[in-house]
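**Q** Below is one structure. I have some questions about it.
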Amino acid sequence: MIDQSIFKNKTAAYFTLGCKLNFAETSAIGRQLLNAGVTRVRRGQQADICVINTCSVTELADKKGRQTIRKVIQENPDAFVVVTGCYAQLKPEDVAGIDGVDLVLGAEQKLDVVQYLDDLHKKEKGEVITSKTHRIRSFVPSVSADDRTRYFLKVQDGCDYFCSFCTIPYARGRSRNGSIADLVQQAELVVAEGGKEIVLTGVNIGDFGHSTKETFFDLIRALDNVEGIERFRISSIEPNLLSDEIIEFVAASKRFAPHFHMPLQAGSDAVLKLMKRRYDTALFRHKVEKIKTILPHAFIGVDVIVGVRGETDAYFEESKTFIQSLDISQLHVFTYSERPGTQALQIDYVVNPKTKHARSKALLDISDDKLLRFYESQMGSAKKVLFEHTKRGDKMHGFTENYVKLHADYNRTLVNTISEVIVGGYDEEGMSMKAEF
């Protein structure tokens, strides 16, 4: 039993790297410590406890993790430092070896952090507490709030897909999820806090249901009935799991936004096979066309990886041509990096860094063009925008239901409210459209 008196008058600082799922989990850790009596440190002060939630999706993410850990320790030399997240799960001994780290928690332990803080004295070497990935079974719903207008609700964790380039199944374990009843309760808590928008997050959210014998379709139908939430968004969902039934439901939904995000990763069927993805380009095109047929104003974001092993010049040109042909709104372009222990390392053809950079730029140029075209297609339409807290100069920003970024003169009374506006002209510098009242 932890003596919670050790937390009296203690403060904590939180640092999150990586995905929206990490932000939701860090928020849950923060609430757990707050319930134990630990308050968030004020800006400019040194913290008693520092929690760093890391990412490990690429080698660059690992590097940023190490840099962040060292910077946090330098700025808070007397703090008890806890490192968790994917990098901590995959390379716990490396993290524990960083001078100043006191505790390394794995994926199974991070959302029960208080029980591991029985002693807040600095240690000579970091203590490692992790579980073997295949044994990770627990799921704790979490939702990020903090200073965000949008809330991020974790509905699922882990992945069973084992794509050849990816370490996530090793970092987060097998697919598992919360119950629909618990997740609806989480959404109702957001309503009580005054939240208007919730983004559903997870590692592979379309795979929802393994733990509870439910389905993702069951989940979104239940959430659609939560009074008080203006809109839900579905974060990244595998194209093979985005059923036509789900698309049709969103089109008829009271609260689910016409906004989809799908990982394509490559527009070449040969490369998709090397990646061990579970769909081909024909299925992906069908999903895009299905969305645009019944929701022509929908925003479609797409993830792509360039420079994977096996991606020859011809395969990349095939991929680029396919992507150009799609009626999508924006690309998120990632550069492949080698991950130890992945099956992709068995593929002989290696793309050099200069070629990777050129391919990334080519796709980013396509993305810029598609986003501008999509934004301009919305000009003059009537939309509902949720304005956010952040003030940039004399402007405030928000997003429409179909994810068009709008700007307006700052008006504090409009923060966290839904306003009906007309989409005006494009501000190239701010990459947003003007909200006309």
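**Q** Where in segment 120-217 are there strands (runs of 3 or more DSSP E), lying wholly inside it, with at least 2 residues that are within 20 Å of the chain's Cα centre (by Cα) and among the basic types (K, R)? It would help to see each step written out before you state the result.
**A** Details: elements: 127-129, 142-144, 150-154, 197-201.
Qualifying strands (runs of 3 or more DSSP E): 150-154.
**Q** I need a count of the residues in segment 271-292 that are in contact with a Lys or Arg (Cβ under 8 Å, 6 or more places away or on another chain) and either of a type in the set (K, R) or closer than 16 Å to E248 by Cα (or both).
**A** 0
**Q** Next question, about the same structure. Could you pull out the residue among I305, I294 that is β-branched (V, I, T) and under 30 Å from T355 (Cβ atoms)?
**A** I305
**Q** Let me ask another. Quick check on this structure: which one of S138, S131, S142, S56 is surrounded by 14 or more Cβ atoms within 10 Å (Cβ to Cβ), in contact with a Lys or Arg (Cβ under 7 Å, 6 or more places away or on another chain) and at pLDDT below 95?
**A** S142
**Q** Another question, if that's okay. Within segment 2-13, how many residues turn out to be surrounded by fewer than 21 Cβ atoms within 10 Å (Cβ to Cβ) and on the phi < 0 side of the Ramachandran plot?
**A** Total meeting the criteria: 8.
**Q** Filter segment 397-424 for residues that are in contact with a helix residue (DSSP H, G or I) (Cβ under 9 Å, 6 or more places away or on another chain) and without any contact (Cβ under 8 Å) to a residue 60 or more places away in the chain and give the result.
**A** K405, A408, V423
**Q** Let me ask you something else. Residue under question is V95, and the condition is that it be more than 19 Å from A36 (Cβ to Cβ), in a loop (DSSP other than H, G, I, E, B), touching a strand residue (DSSP E or B) at 6+ places or on another chain (Cβ under 6 Å) and of a type outside the set (S, T, Y); does it hold? Before you say what the answer is, go through the steps one by one.
**A** Working: more than 19 Å from A36 (Cβ to Cβ): yes; in a loop (DSSP other than H, G, I, E, B): no; touching a strand residue (DSSP E or B) at 6+ places or on another chain (Cβ under 6 Å): yes; of a type outside the set (S, T, Y): yes.
The answer is no for V95.
**Q** Give segment 14-53 a look and list any residue that's under 29 Å from I205 (Cα atoms) and outside any helix (DSSP H, G or I), or say none.
**A** Y14, F15, T16, L17, G18, C19, V51, I52, N53
**Q** Test each condition in (1) over 23 Å from the mean Cα position of the chain (by Cα); (2) closer than 30 Å to H297 by Cβ; (3) surrounded by fewer than 19 Cβ atoms within 10 Å (Cβ to Cβ) for N352 and report the one that comes out false.
**A** Evaluating N352 over (1) over 23 Å from the mean Cα position of the chain (by Cα); (2) closer than 30 Å to H297 by Cβ; (3) surrounded by fewer than 19 Cβ atoms within 10 Å (Cβ to Cβ) leaves (2) as the failure.
**Q** Is it the case, given these coordinates, that G97 is loosely packed, with under 15 Cβ neighbours inside 10 Å and modelled with pLDDT of 95 or more?
**A** Yes; evaluated as a whole, the condition is true for this residue.
The values are calculated or read from the model by the stated rules, or taken from the named source; none is laboratory data. Note that the structure is predicted; figures quoted are calculated from it, not measured. Because the Cβ atoms are built from the backbone with ideal geometry, glycine has one as well, and the counts that use them run over all protein chains shown.
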